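Report on one structure; see the data block that follows.
Read-outs: derived from the displayed coordinates by stated rules, not from any lab. If you're wondering where the values come from, they're calculated on a predicted model, not measured in any experiment. Every residue, glycine among them, receives a Cβ derived from its backbone with ideal geometry; neighbour counts consider all protein chains shown.
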Amino acid sequence: MALKLVLAPKARRDLQELLDFIAADDEQAARRVLQRMEKTFHLMAERPYIGPPAPATGQAEMRKMSAPPYIVFYRLREPRLEIVRILHSSRDIDLSALFNRS
């Protein structure tokens, strides 16, 4: 049985910002990205251990899932799967510092 999907406020903001950025040039492309993200989210809810651990975040329970060119960071909080952040894979960031500010 699939876990309930929950988007944390920062993940919701990440998703909206990336969709707005894409839609500024191509609304159809933004819709396709949203559909791909939703498909990824549902796969994660069905198979929560599909993504590997993400130790670079500094949080032992954090996992990640690739949805090129984005990376979805999530954690299990049964009966929920909480999507914590959605970041572009080309970003050069200190994940530990980013997640410890949450």
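Here are a few things to note about the model shown:
- Residue list for the stretch 8-55, filter: in contact (Cβ under 8 Å) with a residue 60 or more places away in the chain and in a helix (DSSP H, G or I): Lys10, Ala11, Asp14, Leu15, Leu18
- Unique residue being out of contact with any strand residue (DSSP E or B) (no Cβ under 8 Å at 6 or more places or on another chain) and of a type in the set (Lys, Arg) when the list is Arg85, Arg80, Arg31: Arg31
- Of the residues making up the stretch 56-86, those that are assigned to a loop (DSSP other than H, G, I, E, B) and surrounded by 15 or more Cβ atoms within 10 Å (Cβ to Cβ) number 2.
- When Arg91 is tested against the conditions (1) of a type outside the set (Gly, Ala, Ser); (2) surrounded by 12 or more Cβ atoms within 10 Å (Cβ to Cβ); (3) free of Cβ contacts under 8 Å to residues at least 60 places away in the same chain, the lone failure is (2).
- Looking only at the stretch 38-85, residues that are within 15 Å of Val6 (Cα to Cα) and among the hydroxyl-bearing types (Ser, Thr, Tyr) come to 2 in all.
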